[in-house]
Each structure stands twice: as C-alpha cells, then as structure tokens.
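The values are calculated or read from the model by the stated rules, or taken from the named source; none is laboratory data. Not measured: the values here are computed from a predicted model. In this analysis, Cβ positions are derived from the backbone assuming ideal geometry, glycine residues included, and neighbour counts consider all displayed protein chains. Areas reflect the complete protein model, heavy atoms only, side chains present, ligands, DNA and RNA absent. Shrake-Rupley method; radii C 1.70, N 1.55, O 1.52, S 1.80 Å.
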Amino acid sequence: MSMAYLAQADQHQRLEWLSGGTLSLLLDGAATDGQLTVGRFAVEKGEAPPFHLHTREDEVFLLLGGSALVWYGDEEYELGEGGVVYLPRGVPHAYRITSDRADLLMICTPAGIEGMFRHAGRDRSEPRPVGFAIDPDLLAEAADRYGQVVVGPPR
C-alpha cells in the first residue's frame, strides 16, 4: 500500500540531461510504491531526445511553458504552453523544443524510467566535470536497461 509522500523543492534530485537541461525528479518509484514517476524538465531551444519508444511505461508531457514539436508515430504536432500529450508505451515518439526555453512536466506510469535518467545523467549536487556531456554509450546502456528503444535520431 502506498503512503503519502511530501517533498519540498530543495529536496528533489536534480540531474543534468541532454543538451545540458535539468530534470528534477519530483516523485520516483520509491515515493509512489512503483506507481509513477513525475519529473520536471527545464530545457532550452533545440533540446531533442532520439526518436524512441517505451516498453514499460506510458508517458504524459504537460508543457508548462514554451513550445515544442512532438512526433507520435508518423504524425507531427505543435504543442504550445499549457498543451498536454499522452504517449502510450510501444509507440515511437520524440519532441524538439522550439521556444528559447521550455518547462515540461513528465508523468510516467508505472515508475522505473527514473533509473535511466539516474544511470546516464549527472547529479547536479556534485561538481560538474570539465567538458561534461552525456556519454552516448552510457545512454544506450541505460536505455536498454530501463526498457527504452531508440528507433531513430533526434528530429
């Protein structure tokens, strides 16, 4: 049975992710008894993960600020501030931030995807190594370990 969980903003784990953006992990599987992961991305123009699919979780993105292009299968959509997209597991998808900055809320169910971000990302509470970048081999390893399948390059 899940228990209530409360964390203040300064208690969230903050990870450096693709293109130097920040993922704040608001809720993870430990906090939700494996039910869901909630994260908040602060990213800049051009941020674009590879075209990929999830084998284990469904994903929701709420664009709190900014704008983006979203690809779902073969379809392309514009997503504006306040827009939301539901991405069921098994369908390839990607996004590209088109505004100068964007603020995205990610919700995945069930939990587990946070392991990928922790495995390949950099904990921002630690000093940043000179020239740091996400290691593509480590990212591929993390994606495979946590049920993500890269099906193409960023769009």
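With unit charges on the beta carbons (Lys and Arg positive, Asp and Glu negative) and the dipole taken about the Cα centre of the range 12-149, which residue among Ala94, Ser125, Leu69 sits farthest to the positive side?
Ser125
Sorted by accessible area (1.4 Å probe), largest first, how do Thr98, Thr32 line up?
Working: Thr98 55, Thr32 15 Å².
In descending accessible area the options line up as Thr98, Thr32.
Mind checking the full-extension length gain between His119 and Ala9? Use 0.36 nm per residue of separation minus the Cα-Cα distance, one decimal, nm.
Numbers: separation 110, 0.36 × 110 = 39.60 nm, distance 2.21 nm.
That pair, His119 and Ala9, stretches by 37.4 nm at full extension.
What is the range 70-128 by shape, rounded, prolate or oblate, if you read a ≥ b ≥ c off the alpha carbon gyration tensor as root eigenvalues and call it rounded for a/c under 1.5, prolate for a/b larger than b/c, and oblate otherwise? Numbers along the way, then the final one.
Details: a/c = 2.20, a/b = 1.38, b/c = 1.59.
Cα axes put the range 70-128 in the oblate bin.
Keeping the other protein chains in place, figure out the carbon and sulfur percent of the accessible area of the range 70-110, with a 1.4 Å probe.
Values: 1160 of 2280 Å².
Of all accessible area on the range 70-110, carbon and sulfur atoms account for 51 percent.
Can you sort Tyr77, Tyr95 by solvent-accessible area, 1.4 Å probe, largest first? Working shown, then result.
Details: Tyr77 110, Tyr95 20 Å².
Putting Tyr77, Tyr95 in descending order of accessible area: Tyr77, Tyr95.
If I ignore ligands, DNA and RNA and count only protein heavy atoms, how much of Leu105 is accessible to a 1.4 Å probe, in Å² to the nearest 10?
Here the residue's solvent-accessible area equals roughly 40 Å².
Let me know the charge dipole size of the range 64-124 about its Cα centre in debye, to the nearest 20, where only the beta-carbon of Lys, Arg (+1) and Asp, Glu (-1) is charged. Kindly include the intermediate steps, with their values, before the conclusion.
Working: 6 positive and 9 negative charges, 76 e Å.
About 360 debye.
Averaging the inverse of every distinct alpha carbon separation and then flipping it gives the Kirkwood radius. What is it for the range 11-136, in angstrom units?
Values: mean 1/r = 0.0674 Å⁻¹.
About 14.8 Å for the range 11-136.
Which parts of the range 47-77 would a label at Thr22 reach, counting a residue when its backbone N lies under 18 Å from a point 7 Å out along Cα-to-Cβ?
47, 64-66
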